[in-house]
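Below: the structure, in structure tokens.
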Amino acid sequence: KEVKKIEEDKPMGKINRIPGKLITEKMVGERPKLRAFLKERMIGVDSCIQHKFRYDYERSMRLIMPIFDHKENMVAYQGRDITGKAILPYITQPKGVDLGNTLFNINNYNEEKCVIIVEGIIDAIRTEQILKREYIKICVLACFTNNPTIEQLLLIPEVEKVLVMLDSDAWINHKKFRDLPMDIEPIILPKDKDPGSLTDEEFLQLNLSQYLP
């Protein structure tokens with residue numbers, strides 16, 4: 001039988017250009033559809049600026065959310081439709097990119113001993129905003145799926161505790177993580193809720209500080 005040579009894992013490529021223009025306070029003031037979307041999703045303009053979000057108002061009418069690796073290289077981006085009319089609410093570029101080997105916001109991880117992992121980018125932004133408001137310093141990462149991969153968790157080897165905050169129906173048996181050098185603990189959310197849809201009051205009721213080491 002012919003034996004096929006297994007290729008070594010290749011690093012994710014870099015992206016040099018993405019659509020849209022960087023979001024600013026002025027832009028949000030001048031773009032009512034963007035302003036309404038951010039208000040509905042409870043996303044602060046300061047968070048958009050911090051994470052270098054863009055708005056593609058000339059073509060796709062999408063909120064463009066870049067994804068960086070730990071060296072600040074842009075490796076992919078997601079575009080979120082803000083009109084409610086697109087067939088696909090989210091698109092990920094480049095096509096076919098495997099996000100199972102990266103984490104959103106890994107570029108802002110600073111060897112903290114405890115992190116929170118959520119599913120989507122907007123989930124991460126909302127959680128990050130609430131933690132800042134409560135003066136809790138912790139890095140919030142997004143894994144892009146309802147179950148983080150071992151490869152993603154190995155990107156943060158210094159971590160001692162990982163708090164996984166997924167949709168209320170998405171907590172899956174995590175026995176596969178038991179050999180990792182970190183504790184994995186779920187934060188159970190209210191039924192039919194995800195971090196991106198929790199109100200400020202619902203976040204406060206979670207009492208996230210109780211989970212911190």
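Over the stretch 54-213, calculate the relative contact order: mean separation of alpha carbon pairs under 8 Å at least 6 apart, over the residue count, as a percent.
Across the stretch 54-213, relative contact order equals 19 percent.
For L88 and Y135 in one chain, what is 0.36 nm times their gap in residues minus the Cα-Cα distance, to one decimal in nm?
Stretched out fully, the L88 to Y135 stretch lengthens by 13.3 nm.
Top mean-square fluctuation among L34, L155, L88, Gaussian network model of the chain, C-alpha springs under 10 Å?
For the chain, modelled as a Gaussian network with Cα springs under 10 Å, the answer is L88.
Check each of the GluC sites (Glu not before Pro) in the stretch 11-76 and keep only those in coil by DSSP with at most 14 other C-beta atoms within 10 angstrom; list them in order.
Those that pass, being in a loop and sparsely packed, are E58, E72.
Under 10 Å, Cα contacts only: if you run a Gaussian network model on the chain, which one of K52, K85, K21 comes out with the highest mean-square fluctuation?
K85
For the stretch 87-187, give the magnitude of the charge dipole about the Cα centre (Cβ charges: +1 Lys/Arg, -1 Asp/Glu; no others), in debye to the nearest 20.
120
Between the stretch 176-201 and the stretch 48-79, what is the separation of their alpha carbon centroids in Å?
About 25 Å separates the Cα centre of the stretch 176-201 from the one of the stretch 48-79.
With +1 on each Lys and Arg Cβ and -1 on each Asp and Glu Cβ, and nothing else charged, work out how big the dipole of the stretch 21-97 is about its Cα centre, in Debye to the nearest 20.
200
Which FRET efficiency, nearest 0.05, do S197 and Q50 yield, Cβ-Cβ r, R0 25 Å?
Once rounded, the FRET efficiency stands at 0.70.
Would you kindly state how much longer the chain becomes between R41 and S209 on full extension, computed as 0.36 nm times their sequence separation minus their alpha carbon distance, in nm to one decimal?
Extra length from R41 to S209 when fully extended: 58.1 nm.
Would you be so kind as to identify which of Q210, Y57, I67 lies farthest towards the positive end of the dipole of the chain, taking Lys and Arg as +1 and Asp and Glu as -1 on Cβ and the Cα centre as origin?
Y57
If I stretch the segment between L180 and K113 completely, what's the gain in nm (0.36 nm per residue apart, minus their alpha carbon distance), one decimal?
Net length gain for the segment: 22.7 nm.
Provide, as a two-decimal number, the C-alpha radius of gyration of the stretch 21-97 over 2.2 N^0.38 Å, N being how many residues it has.
After normalising by residue count via 2.2 N^0.38 Å, the value is 1.08.
Obtain the nm distance between the two label points defined at D98 and E30 by a simple spin-label model: each point lies 7 Å from its Cα along the Cα-to-C-beta direction.
Inter-label distance under the simple model: 4.2 nm.
Every read-out reported here was derived from the displayed coordinates using simple, explicitly stated rules and does not represent laboratory data. Just so we're clear, the structure is a prediction, and the values are computed from it rather than from any experiment. So basically every Cβ, Gly included, is an ideal-geometry build from the backbone, and we count neighbours across all protein chains shown.
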